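To start, the structure itself, in structure tokens.
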Amino acid sequence: MTTVNELRVTVPGCATGPPAEAYDSRFLNWHGRASVRTQPRRVLADGSVTSEDGGRVLFFPPELAPAARHPLLTERGGSAVHRLLVRSLYQYLHFTQVLEQVAVIPVTTDISLGRTGITVPARMQADAFAITTDEAWHAQFSHDFIDQVNTASAVPPFFPVQPRFVRRLDEIRHSLPPDCRRLVDLVFAVVSETLVSAILTDIPRDERLPPALRALVADHAADEGRHHAYFRSFLQVLWPQVDARERQLVGPRIPDFVRAFLEPDLSAVAAALRAEGLPDRHLAAVLDESYLEARTTDRIAAAARATIRSFRGVGALEDAATHEAFAAHGLLT
């Protein structure tokens, strides 16, 4: 029988080293806290998509979909705004599915099986199984909710492009030497799991939205709080075991990972606007005026504070090129 240790794959160029002396697991009571173990299926109940005055409830906060408030769209009427917000929800749920299945589950699977080439504490390795289960559940309930919204809203699911982070991550991965690509995947997982998403914090409190949607995102947020702590600890184990060459190659790309995750996916927004019949001559105005660069940079820097602290804490920003890249992206405020 093959053992976990026999499955371990060494990352080329990585140094070996001891794991962190202490790992404070947040998964000791996972069976009593994880949403997949404790929460019901979130269902859009009959009548939950209609407001008390008979109008439509919101399916997504307009503050998180700025194009929905642009005059060139609002002049087309409430139905156009409604459809754009439903498509924004679809975009978020699809993003969640793809993130979990493409970027996080492969990493936690490798950690759980000892296939990263990184030595981790036994409890951390075991906890990776729980995160894999959590993330599979998040992908599944996102898919399920897409089907429910399709029925309730009569707006067909809308995934015109791959999520932006997939396209950008592939570009970064292939811009680096092949022996760095596994480290790229590990670091991107750390980045994505330690950022503070406005969607996860804002939607559960937004009483304009259907209760089932608010509960679904609250379930996700509760699980991600534990994942955040886990990946912060994983980084403390990972970074000391990476050799100087790989740190110097991958470190300056960390701000690219942050922006790939947090920047608005303007190609998806443009596709949604075109679906509403907005002519191409108006698209640039809507996108430029709805997503001002300074405002977007400020929002990204705020959402990335915990991630920046984590990488600063392991000494990643002591490398001059890495520090310069963080500064150039406006992440050192």
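The values are calculated or read from the model by the stated rules, or taken from the named source; none is laboratory data. Treat the numbers as computed from the prediction; the structure is a model and nothing was measured. So basically every Cβ, Gly included, is an ideal-geometry build from the backbone, and we count neighbours across all protein chains shown.
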Quiz item: Going by the conditions given, is T109 closer than 18 Å to H228 by Cβ and not in a loop (DSSP other than H, G, I, E, B)?
Solution: no
Quiz prompt | Complete set of residues in the stretch 269-326 that are surrounded by fewer than 18 Cβ atoms within 10 Å (Cβ to Cβ), hydrophobic (A, V, I, L, M, F, W, C), under 23 Å from the mean Cα position of the chain (by Cα) and assigned to a helix (DSSP H, G or I) | solution = A271, A294, A302, A303, A306
Self-check item: One residue from L72, L85, L99 being on the phi < 0 side of the Ramachandran plot and more than 21 Å from the chain's Cα centre (by Cα)
Solution: L72
Practice problem: Could you list, in sequence order, all residues of the stretch 266-290 that are in contact (Cβ under 8 Å) with a residue 40 or more places away in the chain and either over 26 Å from S192 (Cα atoms) or in contact with a Gly (Cβ under 8 Å, 6 or more places away or on another chain) (or both)? | Solution: L273, A275, E276, G277, L278, H282, A285, V286, E289
Practice problem: Test S197 against the criterion of being touching a residue at least 24 places away in the same chain (Cβ under 8 Å) and touching a helix residue (DSSP H, G or I) at 6+ places or on another chain (Cβ under 6 Å), and give yes or no. | Solution: no
Quiz item: Can you find even one residue in the stretch 167-182 that is outside any loop (DSSP other than H, G, I, E, B), exposed (fewer than 15 other Cβ atoms within 10 Å of the Cβ) and touching a Ser or Thr at 6+ places or on another chain (Cβ under 9 Å)?
Solution: yes
Exercise. Return the residue satisfying two criteria in turn: it lies in the stretch 202-218 and is without any contact (Cβ under 8 Å) to a residue 40 or more places away in the chain and either part of a loop (DSSP other than H, G, I, E, B) or under 16 Å from the mean Cα position of the chain (by Cα) (or both), and of such residues it is surrounded by the most Cβ atoms within 10 Å (Cβ to Cβ).
Key: V217
Quiz item: Got at least one residue in the stretch 190-201 being touching a Ser or Thr at 6+ places or on another chain (Cβ under 9 Å), part of a loop (DSSP other than H, G, I, E, B) and over 17 Å from S310 (Cα atoms)?
Solution: no
Quiz item: Does the stretch 290-320 hold any residues that are at pLDDT 95 or above and acidic (D, E), and which are they?
Solution: E318, D319
Practice problem: Could you check how many residues of the stretch 112-141 are part of a loop (DSSP other than H, G, I, E, B) and either more than 30 Å from E246 (Cα to Cα) or not hydroxyl-bearing (S, T, Y) (or both)? | Solution: 6
Quiz item: How many residues are part of a loop (DSSP other than H, G, I, E, B) and either in contact with a strand residue (DSSP E or B) (Cβ under 6 Å, 6 or more places away or on another chain) or surrounded by 15 or more Cβ atoms within 10 Å (Cβ to Cβ) (or both) if we restrict to the stretch 142-156?
Solution: 1
Quiz item: So which residues in the stretch 222-265 are in a helix (DSSP H, G or I), farther than 19 Å from L195 by Cβ and in contact (Cβ under 8 Å) with a residue 12 or more places away in the chain, if there are any at all?
Solution: V237, P240, Q241, R245, E246, R247, Q248, L249
